[in-house]
Amino acid sequence: MSGHRFVGATARSTKLCWQTTYGTVTVTEHRLRHGRRGAVQRPFCEQAQIQPRGYSRPLQAAMTDFGAEVSFAQASARLHQHYGIDVPPTAVRRVSLHHGRQLQDWTPPRRTTPDAARMVGECDGSLIPLREPLVTNAAGKRTMPRAWKEVRLCAARADGVSQARYGATMGSVLEVGELWEQTARAAGLGEPTRVHGVGDGAPWIAEQFDRHFGGQGRYLVDFYHVTEYLAAAAPTCAPRAAIAWVGRQQERLKANQLDRVLRDLIAHLEPEPAGRRRPRRETEELVTPVRDCERYLRARREQLDYAGALAAGLPIGSGLIESGHRHVVQARLKKAGAWWYRQHAHSMLALRVVRANGDWKQYWNSLN
């Protein structure tokens, strides 16, 4: 060990082993101790940057890659299948979550591509299952509550580019707005970029779009969500030809003939019930579907420019973010029977987003 000098030190040889993608590596290591009870120095471990009974960097990358894709037990089986190495699921879990925590503070390299001329930006929320900390009930029994937490996912894709950029957070609406802008800048947002926003009718999405991109584009309500309101109103407006009625209203909306759609709805408005309660969620059954559809469309008149979007070759549906929920978030964090601690869900989200953004190699190269 050149470069190391120990005065009054005693040496002792021992076997040192660690796991790699080539299998277990074992070497004879000299451990040095300062005096009889002094500190132990391990020059080889310090220079090679390894831990006894640890895992090499390439093996950690493989463990984390599999652990971010499938359950930790399945990841252990894949490691045996591909590398012939037996790694316990607990080790896969520990290493994967460790790198997930590091990725929460990791910043990807700055992009070097020119600003995009046009961009699609979308945002939406999705629920994942969480396990809350242990609590003690009145009977003295300790229980672990379970709850559903919304993950807000944002996406941005430059026109003509197939690779979208994603960002995910369980934070506040203001935090997701900031993340949405950061994600768009990583995808090519610049001063000349025109942003085409698409999402459902949730007010917080439109508000954050206006806050961060309002001067550079327009927001469009997802055509599928509008169609859901029309489908709910169709049995009242055209009980004998509901499907044809919905199709006719869709064509009118695509031609920006909102006033004609509203006239059809107004002709069939239900009486306003006394003490009427608004639906708490979009999935809840509407009490007065025609009146609710008319109110929904009228309140979003400025967000229904489907003719302009179609003429420009831009999407009128939020397929980008809907597919993102499935392959970025739900494919790993919403497996049957899986419940996550909050801190572990944050780590797994970080892993999933970095993989989806194509920054996987850059992260591992930054550790060298």
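Couple of notes before you dig in:
- Residue-count net charge about residue 131 - beta-carbon cut-off 12 Å; Lys, Arg +1, Asp, Glu -1: +2
- The value of relative contact order for the range 109-243, using C-alpha pairs under 8 Å at least six residues apart, is 24 percent.
- The trypsin sites (Lys or Arg not before Pro) of the range 220-256 meeting both criteria, a DSSP state outside H, G, I, E and B (loop) and at most 12 other C-beta atoms within 10 angstrom of the site's C-beta, are 240.
- FRET efficiency, 1/(1 + (r/R0)^6) with R0 45 Å, evaluated for residue 90 and residue 241 via beta carbons: 0.15
- Based on Cα contacts under 8 Å between residues 6+ apart, the range 47-130 shows a relative contact order of 22 percent.
- Formal net charge of residues neighbouring residue 174 (Cβ-Cβ distance under 15 Å; K, R +1; D, E -1): -4
- Length gained on full extension, residue 301 to residue 227, computed as 0.36 nm times the residue gap minus the Cα-Cα distance: 25.2 nm.
- When you count the other C-beta atoms within 10 angstrom of each residue and take the mean per peptide, 177-187, 105-115, 214-224, 256-266 line up highest first as 177-187, 214-224, 256-266, 105-115.
- Model label zone, residue 362; criterion: amide N under 16 Å from point 7 Å along Cα-to-beta-carbon; scope the range 102-137: 103-116
- Of the residues 330, 306, 213, the one whose Cα sits farthest toward the positive end of the charge dipole of the range 205-364, with +1 on the Cβ of Lys and Arg and -1 on the Cβ of Asp and Glu, is 330.
- DSSP beta bridges in the range 95-230 [antiparallel fraction, %, rounded to 5]: 65 percent
- Segment residue 335-residue 74, length gained on full extension (0.36 nm per residue, minus Cα span): 92.7 nm
- Rounded accessible area per residue of the range 185-339, 1.4 Å, Å²: 51 Å²
The values are calculated or read from the model by the stated rules, or taken from the named source; none is laboratory data. Remember, it's a predicted structure, so these values are computed and weren't measured experimentally. Please note: Cβ atoms are built from the backbone with ideal geometry, for glycine as well, and neighbour counts cover all protein chains shown. Ligands, DNA and RNA are stripped out before the accessible areas are found, and what is left, the full protein with its side chains, is counted by its heavy atoms. Shrake-Rupley method; radii C 1.70, N 1.55, O 1.52, S 1.80 Å.
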